[in-house]
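I have placed the structure first, in the form of structure tokens, so that the comments after it can refer back to it.
Nothing in this text is a laboratory measurement; each read-out follows from the coordinates by a stated rule. Just so it is clear, the model here is predicted, and its values are computed rather than measured. Please note: Cβ atoms are built from the backbone with ideal geometry, for glycine as well, and neighbour counts cover all protein chains shown.
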Amino acid sequence: MVTSQQLQLLAPLSGVLMALENMPDPVFSSRLIGDGLCIDPTSQVLCAPLAGVISNLQHTGHAISITAASGAQVLLHIGLDTVNLGGKGFTPLVEEGQQVAAGQALIEFDADFIALNARSLLTLMLVVSGESFVPLVQEGDLVESGQPLLALHVEVETQVMAEQQTGAAQCSAPQILPNPNGLHARPAAVLAQAAKGFAATILLHKQDASANAKSLVAIMALQTVYGDRVYLSAVGADAGPALKVLSELLASGCGETVADEEVQAPPVLPEQAAADVLRGVCASPGSAFGQVFQLSENALQIDELATDSSQENLRLKQGLTEATTALQVLCDNAASKAQADIFKAHQELLEDPGLLEQAFALIEQGKSAAFAWQSATQETATLFKGLGNRLLAERALDLQDVGQRVLKLMLGVQDSPLELPENAILIAEQLTPSQTAALDTCKVAGFATAGGGATSHVAILARALGLPAICAMGPQVLALANSTQVLLDADSGVLHLQPDPERIKQLDTQREQQRQRQQQDLQHAALAACTRDGQQIEVSANIASLAEAEQAVSLGAQGVGLLRSEFLYLERNNAPSHDEQVATYSAIARTVGTGHNLVVRTLDVGGDKPLAYVPMDHETNPFLGMRGIRLCLERPQLLREQLSAILASADLTRLHIMLPMVTQLSELRMAGQLLEEQAQALGIKTLPKLGIMIEVPAAALMADLFAPEVDFFSIGTNDLTQYTLAMDRDHPRLAGQADSFHPAVLRLIASTVKAAHAHGKWVGVCGALASETLAVPVLLGLGVDELSVSVPLIPAIKARVRELDFAACQTLAQQMLGLESAEQVRTALKPLQQPLTVLEY
């Protein structure tokens, strides 16, 4: 029998009431842990909002949970990232297990100390047990401690609760979803309703994420799509029949009309039409011939319940400690800073307060350490994937990797060495950074994954290991049989399933020629980039660190055409100090020297590259949201501080400042005014050159209006292509068509150059197109003055310029503008590519 009660929750302290979505932390603002509200406090004593038992008190004193007699549970959390304070500033007045009255003082805290040393002082009150409530006070109101805030609707179960499920989980065979739009509301509702007919605990799994199969909302939160590989697990007496019925339901489409035949792979590009070709996105360049080895992991067997919470707390802490130690070994043995930084980021995830609080709270509710940790990491990873943010979606894989590492340590599961064949081409749903770092490069020739992105940590590690790799290939790649002979051409993003022996032989010859050519280009890297008929082109570098600046200079770079300044701001919990910025910019400027340009792009972050310490609203489409200059002008102090630090290096090099994502003249003028003000404040009379990136079609089409007011343009072909063609360049089925060789993109480059030169301004290209040797003659022919390229490719691009005749390039470029597609442009250019032979110097 169920009875209903109304329970009032009181204000735990005084302050200004705020909506939860205003919290600058996605774990809380998304209501992942629970719904509720937050208060910007004006008092310094946290009080009980209801009567109950202290069910959890964090040892650091920053968070506390109270469970009422009705079962309602409320979490109180003082500030953000306050777990890092180690208990300083907090004085608990109660103990775990103690009965407290509504309004009783729980924790005293030093608001001034916390405000100075933590990310935020905003205090949360969350109903983590899931009851619905009605607010009694309006957002923005000033509330007093003890004032009624919420009316909680509580349903009390008076019958004996159903026995909790225990035992090992049974799993169904994986299957491909036939639903054209995945498990959206209707099929998800059918599956959930059917699952409720069984007593077993049932989960639906997609990759490393899972959802309660009896919950419509949880199923939808998995965000499945057509062709996704899913499976079910169940625990309980009727687990077997449940899996049989629900598996058949999934195969039939869960009441939705689907094709009768077996699910086919997603629609393919023209190049994929042949049965022997699969296409994805290049994650790491190169090519390899070998045999398929499908890589998969067995599901871990995890008991949900435990009887001794203190023992489970200890088990989780021990697992976290051991994982931190193992990651430190990986950091210490990393071949580069980029690799080390990946595993340092993994160590930081192990200390994330949101994850730890969620896991330890579940343990206090009677869950095992393994179940609690898995739930916390999977739910947060699912949240990251669902935010519509490419960067966070990729970081979800890091979180899953960390989660699996800790789970194996807690469960005593040891990874057995893979028995790989020679020249193995690994195929997987998704490789984790840990798996990638551990690959035996003596046997692994390359890999291809169904998911993933070109900017993921796995892609970075693959490039560091020198392994060719293709990502985002879709589920069809998982159907390849082991030992199948394949040719992996990562440069083209293509996997050939029945490679022609002659093609393999040709590829081997090309690789040897490329090796010889690279050595030759390196030997002549210091020579100028000048065409055969005397046209000088500046070849500079795209960099994101002092180390890259030093490497670029050693490889013959004629300056830096793009310094991605956001490297100073990303993957940290607070903004870089003025001194840190000045030291970094000055060191890079000294490396570049006074004879070359240093083009510093101002902070290019926003929806797709969020900063933890810059609160931003969730955006449905971050690529069309608050990015680049838009964000910086909305928060001008952020831009002022950066400009001030950049200007400190003005005497050390030919400083240029570049603004990203400009679409309107007013943005340029506002930023220019801020630059003038900062220069005046520093006593700098001669302003550095100021330019804009052309990465939005609006800027390219209005280049004739921008040109009189800038000193230069630099074309970011990656975003310009994406916005011009309306295609996400990392989309698994569109990436092959999001090609910067498209005549529409080339025409925008041509019109930008024409407008700039009409006003005596120079134009560079800093996007990926500048780093392609195939594109060099077209860009030169369109009149581009500077190519800013990936550091390792500087010698090759300079060598390519020296092979060309500028007049012939001009004729060629005009011909390319008249073609219909990127494929036509590439086809026309390939025969003109200089043979890979030794050149005369």
Kindly rank 170-177, 773-780 from highest to lowest mean number of other beta carbons found within 10 Å of each residue. 773-780, 170-177
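Find the eigenvalues of the gyration tensor of the Cα atoms of region 423-533, then list the square roots of 5 times those eigenvalues as equivalent ellipsoid semi-axes, largest first, in whole angstrom. Each step should come with its number before you reach the end.
On the way: eigenvalues 172, 69, 35 Å².
Over the Cα atoms of region 423-533, the ellipsoid semi-axes are 29, 19, 13 Å.
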What is the list of residues in region 682-706 whose amide nitrogen lies under 18 Å from a point 7 angstrom out from the Cα of residue 594, following Cα to Cβ? 684-689
Label residue 303 and residue 117 with points 7 Å out from Cα along Cα→Cβ: what is the distance between them in nm? 4.0
Using the basic label-point model (7 angstrom from Cα toward the beta carbon), what is the residue 527 to residue 684 distance in nanometres? 3.8
What translational diffusion coefficient, to the nearest whole µm²/s, does region 533-832 have by Stokes-Einstein, given a Kirkwood radius computed over alpha-carbon pairs, a temperature of 4 °C and 1.567 mPa s viscosity? 66
Helix 743-758 versus the longest principal axis of the chain: what angle, 0 to 90°, nearest 10, using Cα atoms? 60
Does anyone have the angle between helix 337-350 and the longest principal axis of the chain? Alpha-carbon axes, 0 to 90°, nearest 10? 10
To the nearest 20 debye, the chain has a Cα-centred charge dipole, built from +1 on Lys and Arg Cβ and -1 on Asp and Glu Cβ, of 1700
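What does the charge count near residue 543 come to, summing +1 for each Lys or Arg and -1 for each Asp or Glu among other residues with Cβ under 10 Å from its Cβ?
Values: positive: 564; negative: 548, 550.
Its environment carries a net charge of -1.
Nearest 500 deg cm²/dmol is fine: what mean residue ellipticity at 222 nm does the chain get from its DSSP H runs of n ≥ 4 alone, each adding -39,500 (n - 2.57), divided by its residue count?
Details: 26 runs with 299 residues, N = 841.
Mean residue ellipticity at 222 nm (helix-derived): -11000 deg cm²/dmol.
Starting from the Kirkwood Rh over alpha-carbon pairs, what translational D in µm² s⁻¹ does region 309-411 have by Stokes-Einstein at 10 °C and 1.306 mPa s? Walk me through the numbers before you get to the answer.
On the way: Rh = 13.9 Å.
Taking Rh from Cα pairs, D becomes 114 µm²/s.
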On a full-extension model of 0.36 nm per residue, what is the gain between residue 108 and residue 21, subtracting their alpha-carbon distance, rounded to one decimal in nm? 28.7 nm
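Please report the antiparallel percentage of DSSP beta bridges with both residues in the chain, rounded to the nearest 5. Can you show the working numbers first?
Working: 79 of 121 bridges.
The answer is about 65 percent antiparallel.
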On a straight-distance basis, which aspartates and glutamates could pair with residue 505 in a cross-link, Cα separation under 19 angstrom, same-chain partners fewer than 8 positions away excluded? 276, 422, 489, 491
Can you tell me which of 762-772, 544-554 comes out highest on packing, and rank the rest after it, using the mean Cβ neighbours within 10 Å? 762-772, 544-554
Need the full-extension length gain, residue 536 to residue 497, defined as separation in residues times 0.36 nm minus the C-alpha distance. One decimal, nm. 9.6 nm
Between region 691-715 and region 280-303, the alpha-carbon center distance in angstrom: 43
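Using 1/(1 + (r/R0)^6) with R0 = 45 angstrom and r between the beta carbons of residue 820 and residue 547, what's the FRET efficiency to the nearest 0.05? Walk me through the numbers before you get to the answer.
Details: r = 43 Å, r/R0 = 0.96.
That gives a FRET efficiency of 0.55.
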Which aspartates and glutamates, on any chain, are close to residue 408 with Cα under 17 Å apart, when same-chain ones fewer than 8 places away are left out? 208, 297, 303, 304, 312, 322, 398
Once you have the Cα-Cα distance between residue 137 and residue 698, take 0.36 nm times their residue separation minus that, and quote the gain in nm to one decimal. 197.4 nm
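Lys and Arg at +1, Asp and Glu at -1: add these up for the other residues within a Cβ distance under 12 Å of residue 350 and post the number. Intermediate results must be reported in sequence, preceding the final value.
Numbers: positive: 317, 344, 405; negative: 322, 348, 351, 352, 398, 401.
Spelling it out: positives minus negatives among the neighbours equals -3.
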If you take the charge dipole of the chain about its Cα centre, with +1 on Lys and Arg Cβ and -1 on Asp and Glu Cβ, which of 246, 44, 283 is farthest toward its positive end? 283
Excluding residues fewer than 8 places away in the same chain, name every one of the aspartates and glutamates whose C-alpha is closer than 16 Å to that of residue 798. 521, 533, 538, 772, 785, 786, 840
If one takes the longest principal axis of the Cα atoms in the chain, at what angle in degrees, from 0 to 90 and to the nearest 10, does the Cα axis of helix 665-681 lie? 90
